[in-house]
Amino acid sequence: MNRLEVILESIIGEAERKAASIVNEARREIKESEAAGYYEQQQWKRKYETAVSANTEKEIMMLESQRRLERSRSLARLRSEFIAAAVDKAKARILSYPVERYFEIMYDMFSACAPKKGGSISFNKRDLERMPNGFIDRCRLLVSEGHLVLESEPVPISGGFIISSGRIYENCSIEAMFEDNDRLIAAAARLVTEVG
């Protein structure tokens, strides 16, 4: 039994004991009240038992509502944890792709956000060391004005790249790809269910 069920059982038991106590007290008072007529005693007893029953029902409904709310919160927390795990798994999968596949993804990302007036592109140390020949030349063809400079100083990101063009700074790191991006988060969730 989980904690909420133990509390629920305890409260229901207490409510039943309280109801039984009230009913017993009512019965005792009825017996002691010889002056009152039988009809009046029965009316009073029914009214008292109805009130006790209504209070017990209200407590049970309140506890059921609390149980549903707790279950809903628990499901929301689990969903959030699942999505975070899916995103982490998707990031790790992208970072573990073979060099050719990984840099094809980087090229596709760059083509989606290539600066028109040129600028510079920065990678992490690992990507700088394993970058295929001709990758930057392919990226340069996507810049319509000016030229693209590959920065030799690595940046502290797990993967992806950072573009600087004048005062414009575009974070295309793997981490930034998944931040507040519902479409990619949904894809990451699908990836976990397909792979994991």
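Values quoted throughout were computed directly from the atomic coordinates according to the rules given, and no laboratory measurement underlies them. All values reported here derive from a predicted model rather than from experimental measurement. Glycine also receives a Cβ, built like all others from the backbone with ideal geometry; neighbour counts cover every protein chain displayed.
Which residues' amide hydrogens lie under 5 Å from the amide hydrogen of V155, considering only partners 5 or more residues apart or on another chain, with H built in the peptide plane?
F123, N124, K125
Just grab the label-to-label distance for R28 and F82, each label 7 Å out from Cα along the Cβ direction, in nm (one decimal).
5.4 nm
Zone of L150 (label point 7 Å along Cα→Cβ, backbone N under 19 Å): which residues in the stretch 112-135?
112-115, 118-135
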